[in-house]
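Let me begin by presenting the structure, written as structure tokens, before commenting on it.
The values are calculated or read from the model by the stated rules, or taken from the named source; none is laboratory data. As the structure is a computational prediction, the values presented were derived from the model and not from experiment. Because the Cβ atoms are built from the backbone with ideal geometry, glycine has one as well, and the counts that use them run over all protein chains shown. SASA here: full protein model, heavy atoms, side chains in, ligands and nucleic acids out. Shrake-Rupley method; radii C 1.70, N 1.55, O 1.52, S 1.80 Å.
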Amino acid sequence: MGESFTIQISSNLVRQLAEDPEKSKKKTKKQKPKISREPQQSEKVHTQQISDDSNAKKGHPASGWPLQAPLYLPVPPPQSANSELEAIRSVLHESEKVVERLNKQQENLLQEVTERAKELHDKEFKLPQQKPMPCLEEKDACLKCYKEHVKDPLKCASFVKDFADCARRVRQLVGTADK
């Protein structure tokens with residue numbers, strides 16, 4: 001912000017602006033030299049002929065304006081552009097292959113995780129197998145007898161004895177299995 005600078009204007013520019021006000025209103029495009037290269041001997045002669053012809057056509061000499069040598073841009077070798085393009089394509093192709101492999105791996109892992117989750121769910125929420133109730137027939141026979149002989153329950157003594165014997169056997173089997 002506090003920097004100062006100066007602009008120097010040549011006397012030739014002031015003179016040209018004063019002589020031809022119509023031309024000064026036109027904006028001229030600056031050409032920036034990209035690469036400076038000394039033209040060869042044959043090119044120098046050709047450049048001078050062109051500039052001399054253009055001055056003759058205009059009808060007045062270009063006093064005060066320095067002649068600029070034409071700009072020559074190097075022609076890039078076509079193979080380098082193609083090789084760069086091929087390199088980019090190969091990298092793109094490699095990337096696509098990696099993406100495909102990652103997608104397949106993701107699908108496989110998703111399937112594996114789903115299967116494991118299902119197995120765990122089945123194990124955790126699975127109802128335990130119910131063991132058949134021992135002495136079920138003796139119990140049912142005993143209850144049936146009591147319902148038939150409500151007034152005389154002593155008639156069911158044989159059924160009760162069979163049920164009690166069955167229960168004792170089961171207790172003994174379970175007791176020996178635990179030891």
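Spacing of the modelled spin labels on Glu100 and Arg169, each 7 Å from Cα toward Cβ, amounts to 7.0 nm. Estimated from the Cβ-Cβ distance and a Förster radius of 45 angstrom, the FRET efficiency linking Leu154 and Lys131 is about 0.85. Using a probe of 1.4 Å, the accessible surface attributed to Glu148 totals some 120 Å² when neighbouring protein chains are kept in position. Between Asp162 and Ala81, residue separation times 0.36 nm minus the direct Cα-Cα distance comes to 19.0 nm. The gain in end-to-end length when the Asn12 to Asp122 segment is fully stretched comes to 29.9 nm, 0.36 nm per residue minus the alpha carbon separation.
Checking every one of the chymotrypsin sites (Phe, Trp or Tyr not before Pro) in region 105-179 against DSSP loop status and a limit of 15 other Cβ atoms within 10 Å picks out Phe125.
With all protein chains in place and a 1.4 Å probe, the accessible surface of region 88-156 carries 58 percent carbon and sulfur.
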